1. Mind running the shape call on the range 211-293? Use the C-alpha gyration tensor, a ≥ b ≥ c as the square roots of the eigenvalues: rounded below 1.5 for a/c, prolate if a/b tops b/c, oblate otherwise.
2. Keeping the other protein chains in place, figure out the carbon and sulfur percent of the accessible area of the chain, with a 1.4 Å probe.
3. Net charge near residue 324: determine it from the other residues with C-beta under 13 Å of the C-beta of residue 324, scoring Lys and Arg +1 and Asp and Glu -1.
4. Which shape class, rounded, prolate or oblate, goes with the range 41-104 when its Cα gyration tensor gives a ≥ b ≥ c as root eigenvalues, a/c under 1.5 marks rounded, and past that a/b bigger than b/c marks prolate?
5. Across the range 102-115, in residue order, what do the Karplus-derived ³J(HN,Hα) couplings come to in whole Hz, using 6.51 cos²θ - 1.76 cosθ + 1.60 with θ = phi - 60° and x for Gly and Pro?
6. Can you give the relative contact order of the chain as a percent, counting alpha carbon pairs under 8 Å and 6+ residues apart?
7. Residue 442 versus residue 357, label points 7 Å from Cα toward the beta carbon: distance in nm?
8. Compute log10 of I(q)/I(0) for the range 67-111 with the Debye formula, placing one identical point scatterer on every Cα and leaving out solvent, at q = 0.15, 0.19, 0.25, 0.28 Å⁻¹, to two decimals.
Amino acid sequence: MESNIIPIIVGIIAIAVGVILGKLIFAKNTTKQVEEATQHSQNIIKEAELRAETIKKEKELDAKEKFVQMKGAHDKEVLQRNQKILEAEARIKQKEQSINQKETNVEKQVKDNEAIKETLNRQIEVVNTKRTELEKHQEEHIRRLEKVAGLSAEDAKAQLIEGLKQEAQTKAIALQQEIIEDAKLKANKEARKIVIQTIQRTAAEQAIENSITVFNLESDEIKGSIIGREGRNIRAIEAATGVDLIVDDTPEAIVLSSFDPLRREIARLSLQRLVADGRIHPARIEEVVEKTKKQLDDQVMDIGERTAMELGVHGLHKELIRMVGRMRFRSSYGQNLLMHSRETANLCAIMAAELGMNPKLAKRAGLLHDIGKVPDEETELSHALLGAKLAEKYGENPAVVNAIGAHHDEMEMQYVISPIIQACDAISGARPGARREIMQQYIQRIKDLENLAQAYQGVEKAYAIQAGRELRVIVEADKVSDADSDRLSFEIAQKIQTEMTFPGQIKVTVIREKRAVNIAR
């Protein structure tokens, strides 16, 4: 038992000793760590103090540097202001000196003027004295003359003036009559000479426009394609162009008939394209005709520009150039309008040069004198007045405007070139073979026929074909019904009978077509 207790006691004592030793060791380590931490914190504080001192010195240096810069800028600004003040003071002193100098000069001038004024007053007094003496001598002289002649001065002056007046009138009347007779004789001779020389120097064409165009084919087989099944192709061409197609036994040829040369040209070019392409059907015909119209518009502009360039007429407005080009496809009494205008322009230039006037202005007026015959829209004005209105609208010279409007005596002639244009227009139109009255009457009747139909509401197009024996009226399907088409055909026929004079009979055909078009994509 005792043997067991002793080891236990020894063990307890050993544990207690171990605990005490552990605490001593731990306390020693803790003290060492505390000392190290204290030493580290002191080091950090020292570094912070050094860093703060460095930053403080840097800030002080920066502040000093900025102060020096601001002081330099301030000193510079003060110096500049002082310099400006000195300059202003110098200018003020200079102005004061200038003002003082001017005051001195003014005072001197005033003194000089007063002296001059006194001198003038003395001279005026002398002149007035001399004038009074002269008037007295003159009155005395006149009284002596009146006493000798037995007439007063006024009576003698009146008799002398009346005698001189009658003598001058007699001589003036005789001289005037002599000058007039001589001028008439010379003017007639000179006018004949100028007109004859002008006509001789102008090469004029004798060709006359007609109302048909022959379209040549490679073979007669193409005629069938142009006519189409049951004639639908030829009807489509006639409806799209307003030209009558005559397909007869003439070998390898089709006749295009229309009073309008522009329509005939559109139909000819369209047929040429269709035949070359080979695809001839109504839809294709309409497409080709539209393209041809656009192409012909470009061609019209090209013709107008080329004509103006060849004649040396520059600065024309684009619309006037287009009208000049359209003259190529118009005729006046069978005479091609463009050829007539070119010929008139050349005649005007030659005649103006012979008379010592401006040939360029006269040529310009001669070229444009008939532009009223090719308007975009029909009006009630005559072609001369309409042409003058168009020329004024597009900025032409007032002399050109007056010459255009007065070449048929519908306006008063206000410029010298106006009678020249009138004379040259008559010369060009009066040449043998130049014009044909019957053709112009026929064209006017065809135009009146188409305009009559187009005046009705709902009418889209109207074409006179078959030499004016048939009037085809194309109406808008949305605005005109089938019943309205019958009524419209009757009304147009009745109006033609009552308002127009025509040979034979005229067939009125109203065409109403409804199309529904969609695109599959």
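1. Because its axes are fairly even, with a/c under 1.5, the range 211-293 counts as rounded.
2. Answer for the chain: carbon and sulfur cover 54 percent of the accessible area.
3. Residues close to residue 324 contribute a combined charge of +4.
4. Cα axes put the range 41-104 in the prolate bin.
5. After applying 6.51 cos²θ - 1.76 cosθ + 1.60, I find 5, 4, 4, 5, 5, 4, 5, 5, 4, 5, 4, 5, 5, 5 Hz.
6. 9
7. If labels sit at residue 442 and residue 357, their model points lie 3.7 nm apart.
8. Ignoring solvent entirely, the Cα scatterers give -0.56, -0.67, -0.81, -0.88.
The values are calculated or read from the model by the stated rules, or taken from the named source; none is laboratory data. Model, not experiment: these values are computed from the prediction. We place every Cβ from the backbone using ideal geometry, glycine too, and count neighbours over all the protein chains shown. To get the accessible areas, we keep the full protein, side chains included, count just its heavy atoms, and leave off ligands, DNA and RNA. Shrake-Rupley method; radii C 1.70, N 1.55, O 1.52, S 1.80 Å.
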